[in-house]
1. Hull surface divided by four, with the convex hull built on the Cα atoms of segment 3-169: how many nm²?
2. From a point 7 Å beyond the Cα of residue 70 in the direction of its Cβ, which residues of segment 16-41 have a backbone N at a distance under 17 Å?
3. Per-residue counts of other Cβ atoms within 10 Å, averaged by peptide: what ranking do you get for 149-156, 18-25, highest first?
4. Distance from the Cα centre of segment 15-42 to that of segment 45-61, in angstrom?
5. Which residues in segment 98-126 place their backbone N less than 14 Å from a point set 7 Å from the Cα of residue 154 along the Cα-to-Cβ direction?
6. How would you rank 157-167, 4-14, highest first, on the average number of other Cβ atoms within 10 Å across their residues?
7. Please arrange 85, 2 by how many other C-beta atoms lie within 10 Å of their C-beta, fewest to most.
8. Relative to the longest principal axis of the chain, what angle (0 to 90°, nearest 10) does the C-alpha long axis of helix 139-169 take?
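The numbers here are math on the coordinates, done by the rules we state, and not lab data. Every value quoted in this text rests on a predicted model; they were computed, and no experiment measured them. Neighbour counts are summed over all protein chains in view; Cβ atoms, including those assigned to glycine, are modelled from backbone coordinates with ideal geometry.
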């Protein structure tokens, strides 16, 4: 696997995994976003999607530090971060799709295209429904939230698999 993709893969793994003890994240997202930014920016010669993803991942690292220091006391920042997060994943997967098309790896391009739509849809639905049902204990809200969490987990596994495959199958 190309070294830059190792950074992206490791960074996404840190971002997507949450191991908490007493509310403290043992795998801080800011380290993950910094790795994604570093790896993606190394791939910029292969497509603008990687450049944009790297430029979006860097501020996500900074935002995570702000959240660590300020907690969730800035609610609107959380929505903004969700949008930037989705844009980062969207452009990263778009970069993979672009390189896969040029490399005649259409199955990777198709996977990247589908995964970016599914991921952004799940995250958007989670943020919107989380806002609507924030202060309720409605069983329907819990059921929908659980279904979205499972869908997100499955999608994340496929995204990580795609990044790994792209790093090993595409000509970098």
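1. Working: hull surface 38.5 nm².
Directional mean of the projected Cα hull area for segment 3-169 stands at 9.6 nm².
2. Inside the label zone: 30.
3. Numbers: 149-156: 15.0, 18-25: 8.9.
Ranked from most to least packed, the peptides come out as 149-156, 18-25.
4. First find each Cα centre; the distance between them is then 16 Å.
5. Counting only backbone N, you get 115, 118-119, 122.
6. Working: 157-167: 19.1, 4-14: 21.2.
So the order, starting with the most tightly packed, is 4-14, 157-167.
7. Numbers: 85 21, 2 17.
Ordered by Cβ neighbours within 10 Å, fewest first: 2, 85.
8. For helix 139-169, the angle is close to 20 degrees.
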